[in-house]
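The values are calculated or read from the model by the stated rules, or taken from the named source; none is laboratory data. Bear in mind that the values here come from a model prediction, so they are computed numbers and not experimental data. Glycine gets a Cβ as well: all are built from the backbone with ideal geometry, and neighbour counts include every protein chain shown.
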Amino acid sequence: MKISARLAVTAVLTTLAWQSSYAADSKTLARVNGVAITEDDVSAASASMGAEIAGIPDAQRRGQIVDYLVTNQLMAAAASQEKLDSGPAFERRMQNYRRLALAEIYYEKMVVGQVSEADVKKVYDTYVGEFEARQELRARHILLNTEEDARDIVERLNRGDDFAELAKEFSKGAEADVGGDIGYFAKGDMVTPFDEAVFALKVDDISEPVKTRFGWHVIYLIDKRTSKPNSFEDEKFRILAGLIQEKRDSVIEALRGEAKIEIVDPAIKKALESPATRGSFGQ
């Protein structure tokens, strides 16, 4: 996994921890031949598994992690019986695991641990203070190839046909499957002819055919509203992830500034000199 992706996943898992508030008492969740699988084990595995589990629902995710840990314990015990827990190969791996574990612990303390809910609330309050309300419309549309087709649709609507059903059957637009519903949008979000036509409508009005570069539209205005800022609950995890990313960048920049880093391998050195390569690792 790329470095930036790994650390970004840690930020995501931190936000999930805010939501889930897993117990921190290392409660035993399972046993394998008497060996306990605990909450701490689940937390550690969550961080290491990262993007593989980040999108899985909470209960299902925990179950999969415990199953993964059970399998690992079975294989670890079998490896120990085979005396695979000593020797140069084992020691090299242990050194690498130790380095990764130290980096993750440092990240948790010096990056994630330095971002508080008060910091998140401060950013949210700024967002609310700078929020500019605007009028938003919600509409459906039916996109057709010709003006004649569009006028036929208008006639059918005037006779009482259902707009959403006609959109599903005849619209060429991407929203056809949802009855042409394009959700809420503000002035200027749509192409000019569409924008001008829809903002001239009253709620429940249906437009005459409107031509844009995409084809001919018939528009039905569903609702008008004044926008308002999202709630703190809706925004806090997005803000938290952003603050963690900012703190992470600051910490890594400081560490690199104090370090002497020598890339000995010429091919790797050349690759790292490429802005595209460095950018992909978030460094």
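For this structure, a couple of remarks:
- Filtering ASP204, ASP223 for residues that are surrounded by fewer than 19 Cβ atoms within 10 Å (Cβ to Cβ), in contact with a strand residue (DSSP E or B) (Cβ under 8 Å, 6 or more places away or on another chain) and either at positive phi or modelled with pLDDT under 95 (or both) leaves a single hit, ASP204.
- Within segment 255-283, residues that are closer than 19 Å to TYR107 by Cβ sit with their Cβ atoms under 8 Å from residues that are in a loop (DSSP other than H, G, I, E, B) and modelled with pLDDT under 90, at 6+ positions apart or across chains, in these pairs: ARG256/GLN283; PHE281/LYS2; GLY282/LYS2.
- Residue that is nearest to the chain's Cα centre (by Cα), among those in segment 58-117 that are over 22 Å from ILE244 (Cβ atoms) and touching a residue at least 40 places away in the same chain (Cβ under 8 Å): VAL70
- Inspection of segment 239-252 identifies no residue that is under 30 Å from ARG156 (Cα atoms), at pLDDT 95 or above and basic (Lys, Arg).
- Only one of the numbered conditions (1) assigned to a helix (DSSP H, G or I); (2) within 34 Å of the chain's Cα centre (by Cα); (3) within 23 Å of VAL203 (Cβ to Cβ) is not met by GLY129, and that is (3).
- Any hit, segment 94-116, residues being part of a helix (DSSP H, G or I) and touching a Phe, Trp or Tyr at 6+ places or on another chain (Cβ under 6 Å): no
- Single residue of segment 148-171 satisfying the filter (exposed (fewer than 14 other Cβ atoms within 10 Å of the Cβ) and not small (Gly, Ala, Ser)) that is nearest to LEU201 (Cα to Cα): ASN158
- Test for ALA139: is it crowded, with 17+ Cβ neighbours inside 10 Å, closer than 27 Å to GLU235 by Cα and in contact (Cβ under 8 Å) with a residue 24 or more places away in the chain: yes
- Within the set SER46, SER21, SER86, SER80, the sole residue that is surrounded by 13 or more Cβ atoms within 10 Å (Cβ to Cβ), assigned by TED's automatic domain parsing to the domain that holds ASP249, modelled with pLDDT under 95 and among the polar types (S, T, N, Q) turns out to be SER46.
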